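The values are calculated or read from the model by the stated rules, or taken from the named source; none is laboratory data. Every value quoted in this text rests on a predicted model; they were computed, and no experiment measured them. Virtual Cβ from ideal backbone geometry, glycine too; neighbours counted across all protein chains shown. The accessibility values were calculated without ligands, DNA or RNA, using every heavy atom of the protein model including side chains. Shrake-Rupley method; radii C 1.70, N 1.55, O 1.52, S 1.80 Å.
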Amino acid sequence: MDAQTFCDRQQTIQIDGIIDDELTVAYTDVGEGEPLLLLHGIPTWSYLFHEIIGPLSEHYRVIAPDMIGYGYSDRRDRFDRSIEMQADVVERLLAKLDIPSAHFVAHDIGGGVAMIVADRSPELVRSMVLSNSVAYDSWPVDEMLALGHPRNAKMKPEEMRQLLEKSFEFGLSRPERLTDEFREGIMKPYLEPEGIVSMVRNSASLNTNHTTPLTARLSGMSQPTLLLWGVDDRWQPVSTAERLVEDMPNAKLHAIKNCSHWVPQDAPEEYGNAILEFLNTQTHANRNTRTVGTA
């Protein structure tokens, strides 16, 4: 699916209670069944999931928001873009959509957002799939730290294009997955003047202090968790996933070979199938628990 078609399918919703004005969140909402929330990372937007939303929506109600400051959600200089603030927005979004709990599938900084919500509002998170996620003090990466300098707000579209193009060399292992559709789709919101400024603000907001406090509390995150990880990633190495498996009581690792950081694009079929298999296992386990409880 090209980016314009993806955008045409998105809806918008107004979120209050975060700042002194309403925030606009753009999101995809397709399918029926148990809610499945997809959270992207930086420097992407919900288009990162464009190849797996369809297959997942055959079994679940799939909700894929653009985090504030990203994609086509609110991009004004009116709010904090940290992962803690993103967690606030996610909680408000679920409440606005009248969703009491959801499965979370999260990538990169989206994984940090998911873990914050799982820690402070565990009743909202039925299960988690974390892919090449930020955790501990594994981030921010050098490229994003450099991009966050205020002077880069004056960057020209071609300069932003060159920066994003370089990231594709690190983010994908399979050359055939670097399609023109993906390249242009991921870059689309960030080649506009407002999008360039917003991406610089997003980069400046990255702060390891928002994940390191979670380290001591990971043992209390009892949600079933799948670490679905591309092993070639030089930004968020698989050693982070291995450490999370040790620290989280109900976590397991599914490592994907010949796959780097942007797992949903690099290995969409294996990624989507692993998610469905994991969620199907959780659904059956929940049904069995209810059956035993009523016997």
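Summary table
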{"read-out": "Environment charge of D21, counting only residues whose C-beta is closer than 14 Å and scoring Lys/Arg +1, Asp/Glu -1", "value": "-2"}
{"read-out": "In order through segment 200-216: 3J(HN,Hα) via Karplus (6.51 cos²θ - 1.76 cosθ + 1.60), integer Hz, x for Gly, Pro", "value": "5, 4, 4, 5, 5, 7, 5, 8, 4, 5, 8, 10, 4, x, 6, 3, 6"}
{"read-out": "Angle between the chain longest axis and helix 238-247 axis [Cα atoms, degrees, rounded to 10]", "value": "40 degrees"}
{"read-out": "Gyration tensor verdict on segment 23-135 (Cα atoms; rounded if a/c is under 1.5, prolate if a/b is larger than b/c, oblate otherwise)", "value": "rounded"}
{"read-out": "Rounded FRET efficiency, nearest 0.05, which uses the C-beta distance separating R183 from D29 and R0 of 22 Å", "value": "0.25"}
{"read-out": "For H254, distant residues with modelled amide H under 5 Å away", "value": "L227, L228, W229"}
{"read-out": "Relative contact order (%) - segment 3-288, alpha-carbon pairs under 8 angstrom, separation at least six", "value": "20 percent"}
{"read-out": "Helix axis angle, 109-120 relative to the chain longest principal axis, alpha carbon, degrees", "value": "40 degrees"}
{"read-out": "Theoretical ellipticity at 222 nm over the chain - DSSP helices of four or more residues, -39500 (n - 2.57) apiece, nearest 500", "value": "-12500 deg cm²/dmol"}
{"read-out": "Within-12-Å neighbourhood charge of L214 [Cβ basis; K, R +1; D, E -1]", "value": "-2"}
{"read-out": "Cα-based reach from K154 at 27 Å (exclusive), listing lysines while leaving out same-chain residues under 8 positions away", "value": "K166, K188"}
{"read-out": "Interchain or long-range residues, amide H under 5 Å from M128's placed H", "value": "F104, T225, L226"}
{"read-out": "Between 0 and 90°, nearest 10: helix 157-171 axis offset from the chain longest Cα axis", "value": "40 degrees"}
{"read-out": "Among (i) 1.02; (ii) 1.10; (iii) 0.94, the entry that matches Cα Rg over 2.2 N^0.38 Å as calculated here", "value": "(iii)"}
{"read-out": "Test item: Cα-centred dipole of the chain, Lys/Arg +1 and Asp/Glu -1 on Cβ, debye", "value": "420 debye"}
{"read-out": "Surface share of carbon and sulfur [accessible, 1.4 angstrom probe, percent] for segment 3-288", "value": "47 percent"}
{"read-out": "Label point at L97 placed 7 Å out along Cα→Cβ; residues across segment 1-35 whose backbone nitrogen lies under 17 Å", "value": "6-16, 23-35"}
{"read-out": "Surface per residue (accessible, 1.4 Å probe) for segment 3-288, Å²", "value": "40 Å²"}
{"read-out": "For V125, net neighbour charge (Lys/Arg +1, Asp/Glu -1) across residues whose Cβ lies under 13 Å away", "value": "-2"}
{"read-out": "Leading residue at positive end of dipole, the chain (Cβ point charges), from A106, P43, A267", "value": "A106"}
